[in-house]
Every structure is written in C-alpha cells, then in structure tokens.
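Below is one structure; the comments refer to it alone.
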Amino acid sequence: MLGLKLPTDPRWVNIVEKNIEEILTDHAYCEQKAASTAISLIIGFPEKSELVKEMTALAREEMGHFNMVHDKILKRGWVLGRERKDEYVIELMKFFPKGGSRETHLVHKLLYAALIEARSCERFRLLSEEIADEELSEFYRNLMVSEANHYTMFLKFARKYGKKEEVDQKWEDLLEYEAQLMKDLGKKETMHG
C-alpha cells in the first residue's frame, strides 16, 4: 500500500526497545517538523486554497501528536531532550535538483512529505506489531492510521498540482532513491534513521 521499495529491518525494533527515551524525543520532534512543513506550505503557496485548508488541519493534528508524545515522555518521568539532526530527511532532500518553477518546487515538497509520512507509517506499524511495551504498541497502532492518510493526501496534492505522469515518474524515482538510503539507515534510535 505504501509503495516503499525496502522495508525496515525488524531488528530496528530491538534498538528502539533499548532506547525508548531517545525514540520518543526523536518522534516528538518529527511531529513538530511535520507541523512546520504544513505551515511552510501555507506560507509558500497561500493561493492554493484547498492546500491551505488541509495544511491548517494537518498542522493542528501534528501538534496534537507532538503533545501526545510529549505526554508519554513526561508520564515516564523524563523530559523532552534536545532536537537531533534527521539524517534520513537531510539525505532525502538531496534527491530533486534545486531551482525550477514554483509549481515544480511545490510538487517536490509534496513528494518529500508523502514519502516521509509513508516511512513513518511503516515504522509505526512495525512498532505496533513488534514492540513489547503494550502501551506504546497501542499508541503506534493508532498513529499509523493518521500517517497513512497524510501520505495519500500529499501524493494526491502532488498529482493535482503537477502533471500526473510526470509526478508518478518522480515518485517512483524518489522511492528507488529512498530504498538505497534505507540500506545504510535503520541502525539508530531515531524514527527514520
């Protein structure tokens, strides 16, 4: 369903289980960055009324998720740690060339966002099925559903604002590139890396 070319190695869950505090901090910042992305799309493309409406709702939802993760951190007696660099996103953002028209830039941003949401959804599914912590298993099962909806929404907008055949080819190429990235990732207590 997600179209990912390389699944996460299930052993990643073992790394997570040894570093719950770290993964929750990283996850909290991922939710905050997702809200930020939605806001940046509103600022960058205010004339796209349907996009603005959906991104407004998304920013609220993602900050709600941030709050939920933050509550999990506090409930366990921890505090939110410092933000870390997201190697996955940094490397992913190198795929499309810089420049081009405003519309092309928008399509690229939407495709990046779709892929990040798809990978998050896949990771949440893995955690929901494999993590021994029952509370977190249920938590990630619930989040998995929203991430799937976000992934399809971003892809729908990319196809709306770009030429469908061109967008579909870019999506396939981006999926292939991401699969190569994933061969070197999945060995850290981060949501994507």
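Per-structure values
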item: Residue in segment 57-67 that is in contact (Cβ under 8 Å) with a residue 40 or more places away in the chain, open to solvent by 40 Å² or more (accessible area, probe 1.4 Å) and closer than 21 Å to residue 192 by Cα present; result: yes
item: Given (1) more than 17 Å from residue 190 (Cα to Cα); (2) open to solvent by 70 Å² or more (accessible area, probe 1.4 Å); (3) in contact with a Gly (Cβ under 7 Å, 6 or more places away or on another chain), number of the condition residue 132 does not satisfy; result: (3)
item: Tally of residues being farther than 15 Å from residue 69 by Cβ and not in a helix (DSSP H, G or I) across segment 122-133; result: 1
item: Flag if residue 188 is among the basic types (Lys, Arg), touching a residue at least 60 places away in the same chain (Cβ under 8 Å) and surrounded by fewer than 19 Cβ atoms within 10 Å (Cβ to Cβ); result: yes
item: Residue within segment 52-62 that is in a helix (DSSP H, G or I) and of a type in the set (Val, Ile, Thr) present; result: yes
item: Criterion: open to solvent by 50 Å² or more (accessible area, probe 1.4 Å) and at pLDDT below 95 - qualifying residue of 76, 84; result: 84
item: Candidates 103, 117, 147, filtered to the one that is of a type in the set (Asp, Glu), surrounded by 14 or more Cβ atoms within 10 Å (Cβ to Cβ), touching a residue at least 40 places away in the same chain (Cβ under 8 Å) and out of contact with any strand residue (DSSP E or B) (no Cβ under 6 Å at 6 or more places or on another chain); result: 117
item: Unique residue being assigned to a helix (DSSP H, G or I), modelled with pLDDT under 95, on the phi < 0 side of the Ramachandran plot and open to solvent by 70 Å² or more (accessible area, probe 1.4 Å) when the list is 90, 43, 15; result: 90
item: Which listed residue is in a helix (DSSP H, G or I), over 20 Å from residue 93 (Cβ atoms), modelled with pLDDT under 95 and in contact with a helix residue (DSSP H, G or I) (Cβ under 7 Å, 6 or more places away or on another chain), from 136, 181, 143; result: 143
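The values are calculated or read from the model by the stated rules, or taken from the named source; none is laboratory data. Remember, it's a predicted structure, so these values are computed and weren't measured experimentally. We place every Cβ from the backbone using ideal geometry, glycine too, and count neighbours over all the protein chains shown. Calculation scope for accessible area: heavy atoms of the full protein, side chains included, ligands and nucleic acids excluded. Shrake-Rupley method; radii C 1.70, N 1.55, O 1.52, S 1.80 Å.
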